[in-house]
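One structure is given below, encoded as structure tokens.
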Amino acid sequence: MNLFNKKPDPKEALRDSKRGMQNATRGLEKEIGALQQEEKKLVAEIKRTAKTGNEAATKILARQLIRLRQQIANLQGSRAQMRHAQSSVAVGLKGANKAMETMNKWRLKSK
């Protein structure tokens with residue numbers, strides 16, 4: 001807790017919140033892209049092992065592929081939740097700003 005810093009205004013808080021959310025979303029998108037590249041490599045490797053007739057290795061790789069696809073689906077869900085949270089924070093802060101403006105106008109009129 002900083003005693004000497006003043007409280008940030010709502011616009012600055014919104015900007016900081018957006019920046020943090022965008023960074024987190026970008027990080028998730030990078031992870032999703034990397035996992036999708038790994039998925040392509042894994043599919044190619046499964047095809048290679050299937051051609052050689054190594055059934056045990058093919059089954060193991062297929063299980064890895066299923067886990068990888070589940071990870072991708074989970075990250076995509078997290079990304080969607082992050083975007084929804086980002087939009088709801090923006091809407092909430094805009095509503096708070098409007099309420100503050102109307103209260104200030106009302107207070108100035110009453111003087």
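Sort out which residues of the range 46-104 are within 17 Å of Glu12 (Cα to Cα) and charged (D, E, K, R), and write them in order of number.
Lys94, Lys98, Glu101
Find the residue count for the range 3-43, including only residues that are under 29 Å from the mean Cα position of the chain (by Cα) and without any contact (Cβ under 8 Å) to a residue 60 or more places away in the chain.
First pass over the range 3-43, keeping only residues under 29 Å from the mean Cα position of the chain (by Cα): 7-43.
Next, from what is left, pick out any that are without any contact (Cβ under 8 Å) to a residue 60 or more places away in the chain: 7-9, 12, 15-16, 19-20, 23-24, 26-43.
Selection size over the range 3-43: 28.
Being within 25 Å of Asp16 (Cβ to Cβ), among the β-branched types (Val, Ile, Thr) and surrounded by 14 or more Cβ atoms within 10 Å (Cβ to Cβ) is the filter here; which residues of the range 67-111 pass it?
Answer for the range 67-111, where residues must be within 25 Å of Asp16 (Cβ to Cβ), among the β-branched types (Val, Ile, Thr) and surrounded by 14 or more Cβ atoms within 10 Å (Cβ to Cβ): just Val89.
Could we say that Gln64 is modelled with pLDDT of 95 or more and either in a helix (DSSP H, G or I) or surrounded by fewer than 14 Cβ atoms within 10 Å (Cβ to Cβ) (or both) here? Show your work before the answer.
Working: modelled with pLDDT of 95 or more: yes; either in a helix (DSSP H, G or I) or surrounded by fewer than 14 Cβ atoms within 10 Å (Cβ to Cβ) (or both): yes.
Against the criterion (modelled with pLDDT of 95 or more and either in a helix (DSSP H, G or I) or surrounded by fewer than 14 Cβ atoms within 10 Å (Cβ to Cβ) (or both)), Gln64 qualifies.
The values are calculated or read from the model by the stated rules, or taken from the named source; none is laboratory data. Computed from a predicted model, the values in this text were never measured in an experiment. Positions of Cβ are backbone-derived with ideal geometry, glycine not excepted, and every protein chain shown enters the neighbour counts.
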